[in-house]
1. Search the range 140-163 for residues that are more than 10 Å from Ile226 (Cβ to Cβ) and pair each with any residue that is acidic (Asp, Glu) and crowded, with 20+ Cβ neighbours inside 10 Å when their beta-carbon atoms are under 6 Å apart and the residues are at least 6 apart or on different chains.
2. Sort through Ile325, Ile305 and tell me the only one that's aliphatic (A, V, I, L, M), within 23 Å of Asp273 (Cβ to Cβ) and surrounded by 15 or more Cβ atoms within 10 Å (Cβ to Cβ).
3. Which members of the range 267-290 meet the condition of being under 27 Å from the mean Cα position of the chain (by Cα) and either within 18 Å of Lys304 (Cβ to Cβ) or of a type outside the set (S, T, N, Q) (or both)?
4. Please determine whether any residue of the range 336-357 is modelled with pLDDT under 90, acidic (Asp, Glu), surrounded by 16 or more Cβ atoms within 10 Å (Cβ to Cβ) and closer than 30 Å to Val63 by Cβ.
5. With the condition kept exactly as written, say whether any residue in the range 10-19 is closer than 27 Å to Ile356 by Cα, in a loop (DSSP other than H, G, I, E, B) and not β-branched (Val, Ile, Thr).
6. Of all the residues that make up the range 76-120, how many are within 30 Å of Ile163 (Cα to Cα), surrounded by 14 or more Cβ atoms within 10 Å (Cβ to Cβ), in contact with a helix residue (DSSP H, G or I) (Cβ under 7 Å, 6 or more places away or on another chain) and not charged (D, E, K, R)?
7. Would you call Ile201 farther than 30 Å from Tyr8 by Cβ, outside any loop (DSSP other than H, G, I, E, B) and out of contact with any Asp or Glu (no Cβ under 7 Å at 6 or more places or on another chain)?
8. Being in contact (Cβ under 8 Å) with a residue 12 or more places away in the chain, surrounded by fewer than 20 Cβ atoms within 10 Å (Cβ to Cβ) and touching an Asp or Glu at 6+ places or on another chain (Cβ under 8 Å): is that true of Ser66 here?
Amino acid sequence: MDISSQEYFKRQTTLSEIGKEGQELLQKAKVLVIGCGGLGSPVAIYLATSGIGVLHLVDFDTVSVSNLHRQVFYKVEDLNKPKAEMLAKAVKERAPFTKVSYSNKAVNKNSILELISSFDVIVDGTDSLPIKYLINDACVISKKPLVYGSLYKFDGYVATFNILNGEGDYSCNLRDAFPKIATNIPNCEEAGTLNPIVGIIALLQVNEVIKLITKKGKPLINQLLIYNVLDNSQLKIKLKRNKSLIFKDIFKKINYLSEQCETQDSSLLISCDELKSRLNDENIKIVSVVNDINAKLPFEVDQKIPYKTFNVEDFIPDFKKYYVIVCKKGITSYDVTLKLKEKYPLISVFSLFEGIDKYVQ
């Protein structure tokens, strides 16, 4: 069935602030969406149906049952299939004027700069703090606009980072809002989330992208918007650029990424391969801090302590044992490892690097 673009975008071009000129700007734009979950999936659909000309989707994960309640553009038939591929298919079914492509590979410090190089705007739809900082740092180095979104229980956060101003300088970025990566903040799988806040924050991100491309309205530049879904409150926090973070020469070096994004002490980590080789060691005690105590794990564990109820004061260690703390992505397990090491300096305790997700890949 032939569809007219003029008819398709009629309601949008009727807006005098958008019109034909604004629609053409959207059609010429190239947008990268990293993360195709709760935030990234509605971001991709709404950007495509708004008329973004080129859209590239990136996510290494597959669709699971627990995704469906908030990642509403996936279907039951999509279970266990690659998210990026299924989302690209959904875009094609709805947005005939968008060229969509996808990648099922995880982003890392070796691939991120090349990945973002050909896009006008980058959208962060991830739920991993280290990856968020990696994306942010890459955008700073490459001078790319970044539309940021994140979630914590009933709160959502949105900002537009790294925008060139009239004085030749760039606006605040993630490190101005949060200079250091917090190690004790669980992701939505561990902390839980309500599906309306996911959709609200995703659509606010879409709104930021459209404003940037059409040059209409006031994007959230040098501001962090915090939205609470329980009382429908909005708070805008003004951000101030920390110019001490800017090093004139080091931004040109890829080593900057590895230095800035390295947040875990390697002496407190155990790799997936090493754990696999030592699973039969009777001296190893594996402790899961995944909040879902019924979650299926790829190995036997000696103890299950939900992260949200973990109290280091209640943990009685056996100093003759070698403890491995595990969680889904290796973030909360590292936080528990730090707390145990601080409380019991002589304990042998290690966090599974990059978590169970990496272990089963």
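1. Close Cβ pairs (under 6 Å, with a partner that is acidic (Asp, Glu) and crowded, with 20+ Cβ neighbours inside 10 Å) amount to Val147/Glu208; Tyr148/Asp124; Thr160/Glu208.
2. Going through Ile325, Ile305 in turn, just one is aliphatic (A, V, I, L, M), within 23 Å of Asp273 (Cβ to Cβ) and surrounded by 15 or more Cβ atoms within 10 Å (Cβ to Cβ): Ile325.
3. Leu268, Leu269, Ile270, Cys272, Asp273, Leu275, Val287, Ser288, Val289, Val290 - these are the residues of the range 267-290 that are under 27 Å from the mean Cα position of the chain (by Cα) and either within 18 Å of Lys304 (Cβ to Cβ) or of a type outside the set (S, T, N, Q) (or both).
4. Yes.
5. So far as the range 10-19 goes, no, none of its residues is closer than 27 Å to Ile356 by Cα, in a loop (DSSP other than H, G, I, E, B) and not β-branched (Val, Ile, Thr).
6. 13
7. no
8. yes
The values are calculated or read from the model by the stated rules, or taken from the named source; none is laboratory data. Since we're looking at a predicted model, the values are computed, not measured. We place every Cβ from the backbone using ideal geometry, glycine too, and count neighbours over all the protein chains shown.
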